[in-house]
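Q: Let me give you the structure first, and then I'll get to my questions.
The values are calculated or read from the model by the stated rules, or taken from the named source; none is laboratory data. Note that this is a predicted model, so its numbers are computed, not measured. Positions of Cβ are backbone-derived with ideal geometry, glycine not excepted, and every protein chain shown enters the neighbour counts. For accessibility, only protein heavy atoms count, side chains too; no ligands or nucleic acids. Shrake-Rupley method; radii C 1.70, N 1.55, O 1.52, S 1.80 Å.
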Amino acid sequence: MSTSTPAKKEIAAIKGTKDILPGEVGIWQKVEAEAKGLFEFYGYRELRAPVFEATDLFEKGTGETTDIVTKEMYTFTDKGGRSITLRPEYTPSVARAIIEHRLYLQPDPLRFYFIGPMFRYDKPQKGRYRQFHQVDVEVFGEKDPAIDAEIVEMADTLLKNLGVQNAETLVNSVGCRACRPAYSKDLRAHAEKVRDLLCPDCQRKIATNPLRIFDCKVESCREQAARFPKISSYLCRECRDHFTKFCSYLDLFGIPYKVEPNLVRGLDYYTKTTFEIVSSGLGAQNALLGGGRYDDMMKDFGGPDLSAIGFALGMERLISILKIKPEKSKFLYIATLGEAAKTKGIEFARFFRRQGVESLIEFVGRSLKNQMSRANKLGAAWVLIVGEEEIRKGLYQLKDMATGNQNEAKAEDLLKIICDSA
RNA sequence: GUGAGUGUAGCUCAAUUGGUUAGAGCAUCGGACUGUGGAUCCGAAGGUUGGGGGUUCAAUUCCCCUCACUCACCCCA
């Protein structure tokens, strides 16, 4: 229909991706540092896996029936004919790395964390991006419910340290391979009876994954789901015991939580404990962090029978609700006038940087007034003025920008003045 | 994949029922002030009104298509 020439498109970031500009990156660095410091304190170590993996790692790990695998993966064939997928989540990569490097034969605790980008072909909206960043935490080889509680406590502590308020911790147990099938069967039977009252999506879920009917937000589905049997009455002795102990450990840690029988995580691999921390103020995508136990993944991957638990936290979501501002560093602006001063200024910059004083010198050739104005706008703590006169006299002007006081000093005394007022 | 909303300067927003040359604040640059920042005043620069088509004497305004962004469904961090 349209024979018009296509509009010139300005070069732009891909849909669902965004630049984190210098003005915003400070808060990212602060959150990353806070998370890393805390995790290391609990005995976790960083494990960095590649951004892409063989596609079948996620098919097997994340689950072939999940939405993530069936419709959200960035999958392509490389020049060697391999099917490659940009990781949509981190857990399968960690499991793979542990098996590949036989890390379970080392004495070190199998506790890992990682912060980095994940990729999902979702339609972007508030709190949802195609490239987004997760903080990922995993523990292997611990089946005691105490670790379930500790990992929740660690997540809770991180959020508290960052000043997050209005966050609520939800917990549940989804059973295991011994007890969940019976529950799923009964759930299917119940759902089947009221099939006509459910939305088309949920009608489909009856066959594929009936637990996820609990996730539905359609009013009629919620009404029906409320009458469905609860997982809690189907848990086997082991799972029930695990969940009870998990809850009492949470009490011991002093973590407030809410048992949410309808909490069903969207990944297939979860067993026993699942948890989520939600926050108001995030919009529809209200999960700040989510995770749970996945005791079968390692042996399903052909590795040792190691139980595991972990969680992932959404960086963009977390940062969107943070109110803290990282403090700006104090730095020295070196203003120069003329060629000789420029050389001298470069020498000063090198000297001060080596002494641990952040220093900025610009070479645009501005007037002194202009350089002062720049220094002020950029938030410099001090300005060092280097001109012909200063060089001749061997005395330099150092201005404290906060007070406006200006001292004349020899080169060797400048550092002391700066350090004294820092 | 489905639905709704919004697109005007770098940013935040104006522009009468469709009506002259599309304005303002902030930011940028310059000047008042030859080597001293913040405040004030003056000035400059910055726009194919997202793009294309249509209706009209006339379109930022109305209609259609398209693109982008935002929000929601879905899914999840």
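Q: Does segment A:115-138 include one or more residues that are more than 24 Å from A:ILE14 (Cα to Cα) and touching an Asp or Glu at 6+ places or on another chain (Cβ under 7 Å)?
A: Looking only at segment A:115-138, we keep the residues that are more than 24 Å from A:ILE14 (Cα to Cα), and these are A:136-138.
From the residues that got through so far, the ones that are touching an Asp or Glu at 6+ places or on another chain (Cβ under 7 Å) too are none.
Scanning segment A:115-138, I find no residue that is more than 24 Å from A:ILE14 (Cα to Cα) and touching an Asp or Glu at 6+ places or on another chain (Cβ under 7 Å), so the answer is no.
Q: Given the structure, is A:ARG265 in contact with a strand residue (DSSP E or B) (Cβ under 8 Å, 6 or more places away or on another chain), within 10 Å of RNA strand B (Cβ to nearest atom) and within 19 Å of A:CYS179 (Cβ to Cβ)? Spell out how you get there, then give the answer.
A: Working: in contact with a strand residue (DSSP E or B) (Cβ under 8 Å, 6 or more places away or on another chain): yes; within 10 Å of RNA strand B (Cβ to nearest atom): yes; within 19 Å of A:CYS179 (Cβ to Cβ): yes.
Answer is yes for this residue.
Q: Okay, moving on. Of the conditions (1) within 30 Å of A:ILE321 (Cα to Cα); (2) at pLDDT 95 or above; (3) assigned to a helix (DSSP H, G or I), A:MET298 satisfies every one except a single condition; which number is it?
A: (1)
Q: Name the strands (runs of 3 or more DSSP E) wholly within segment A:324-422 that hold at least 1 residues that are over 30 Å from A:GLU32 (Cβ atoms)? Even if it seems obvious, please write down each step before you answer.
A: On the way: elements: A:332-336, A:359-361, A:382-386, A:395-400, A:406-410.
Result: A:332-336, A:382-386, A:395-400, A:406-410.
Q: If you don't mind, there's one more thing I want to ask. Please pick out the residue among A:ILE324, A:ILE346, A:ILE334 that is touching a helix residue (DSSP H, G or I) at 6+ places or on another chain (Cβ under 6 Å), open to solvent by less than 90 Å² (accessible area, probe 1.4 Å) and more than 11 Å from RNA strand B (Cβ to nearest atom).
A: Values: A:ILE324 fails: touching a helix residue (DSSP H, G or I) at 6+ places or on another chain (Cβ under 6 Å); A:ILE346 fails: touching a helix residue (DSSP H, G or I) at 6+ places or on another chain (Cβ under 6 Å).
Going through A:ILE324, A:ILE346, A:ILE334 in turn, the sole match is A:ILE334.
Q: Now for a separate question. Quick one: which residue in A:VAL386, A:VAL357 is in contact with a helix residue (DSSP H, G or I) (Cβ under 8 Å, 6 or more places away or on another chain), within 14 Å of RNA strand B (Cβ to nearest atom) and among the β-branched types (Val, Ile, Thr)? Walk me through it before giving the result.
A: Working: A:VAL357 fails: within 14 Å of RNA strand B (Cβ to nearest atom).
Matching residue, one of A:VAL386, A:VAL357: A:VAL386.
Q: Hey, can you tell me all the residues within segment A:240-262 that are closer than 20 Å to A:ARG317 by Cβ and either among the β-branched types (Val, Ile, Thr) or more than 15 Å from RNA strand B (Cβ to nearest atom) (or both)?
A: Of the residues in segment A:240-262, the ones closer than 20 Å to A:ARG317 by Cβ are A:257-258, A:260.
Selection gives A:TYR257, A:LYS258.
Q: As an exercise: evaluate A:LYS272 against (1) assigned to a helix (DSSP H, G or I); (2) assigned by TED's automatic domain parsing to the domain that holds A:PHE301 and give the number of the one condition it does not meet.
A: (1)
Q: For A:ILE277, indicate whether it is at pLDDT 90 or above, within 10 Å of RNA strand B (Cβ to nearest atom), touching a Ser or Thr at 6+ places or on another chain (Cβ under 7 Å) and of a type outside the set (Lys, Arg).
A: On the way: at pLDDT 90 or above: yes; within 10 Å of RNA strand B (Cβ to nearest atom): yes; touching a Ser or Thr at 6+ places or on another chain (Cβ under 7 Å): yes; of a type outside the set (Lys, Arg): yes.
In short, yes.
Q: Which residue pairs have Cβ atoms closer than 6 Å, lie 6 or more positions apart in sequence or on different chains, and pair a first residue in segment A:212-237 that is over 10 Å from A:ASN262 (Cα atoms) and surrounded by 11 or more Cβ atoms within 10 Å (Cβ to Cβ) with a second residue that is at pLDDT 85 or above and of a type in the set (Asp, Glu)?
A: Pairs found: A:PRO229/A:ASP186.
Q: Run A:ASN376 past the list (1) at pLDDT 90 or above; (2) farther than 30 Å from A:ILE20 by Cα; (3) polar (S, T, N, Q) and report the number of the one that doesn't hold.
A: (2)
Q: Could I ask something else about it? Which of the residues spanning segment A:288-300 are surrounded by fewer than 18 Cβ atoms within 10 Å (Cβ to Cβ) and touching a helix residue (DSSP H, G or I) at 6+ places or on another chain (Cβ under 9 Å)?
A: A:ASP300, the sole residue that qualifies.
Q: A further question follows. Have a look at A:GLY314, A:GLY310 and point out the one that is near RNA strand B (Cβ under 9 Å from one of its atoms), surrounded by 14 or more Cβ atoms within 10 Å (Cβ to Cβ) and within 30 Å of A:GLN131 (Cβ to Cβ). Even if it seems obvious, please write down each step before you answer.
A: On the way: A:GLY310 fails: near RNA strand B (Cβ under 9 Å from one of its atoms).
It is A:GLY314.
Q: Can you pull out every residue in segment A:272-287 that is polar (S, T, N, Q) and buried (at least 24 other Cβ atoms within 10 Å of the Cβ)?
A: In the first step, residues of segment A:272-287 are kept if they are polar (S, T, N, Q); the result is A:273-274, A:279-280, A:285-286.
Of everything in segment A:272-287, those that are polar (S, T, N, Q) and buried (at least 24 other Cβ atoms within 10 Å of the Cβ) turn out to be A:THR273, A:THR274.
Q: If the requirement is being within 23 Å of the chain's Cα centre (by Cα), among the aliphatic types (A, V, I, L, M) and not in a loop (DSSP other than H, G, I, E, B), which of these qualifies: A:VAL278, A:VAL264?
A: Values: A:VAL264 fails: not in a loop (DSSP other than H, G, I, E, B).
The match here is A:VAL278.
Q: Out of segment A:360-383, which residues are among the small types (Gly, Ala, Ser) and within 6 Å of RNA strand B (Cβ to nearest atom)?
A: First, pick out the residues of segment A:360-383 that are among the small types (Gly, Ala, Ser): A:365, A:367, A:373, A:375, A:379-381.
Listed by number, the residues that qualify are A:SER367, A:SER373.
Q: Could you look through segment A:193-211, keep only residues that are open to solvent by 60 Å² or more (accessible area, probe 1.4 Å) and under 29 Å from A:PHE243 (Cα atoms), and pick out the one that is modelled with the lowest pLDDT?
A: So the first thing to find is which residues in segment A:193-211 are open to solvent by 60 Å² or more (accessible area, probe 1.4 Å), and the list is A:193, A:195-197, A:200-201, A:204, A:207-208.
Still in the list and also under 29 Å from A:PHE243 (Cα atoms): A:207-208.
Numbers: A:ALA207: 76, A:THR208: 73.
Going through the qualifying residues, I end up with A:THR208.
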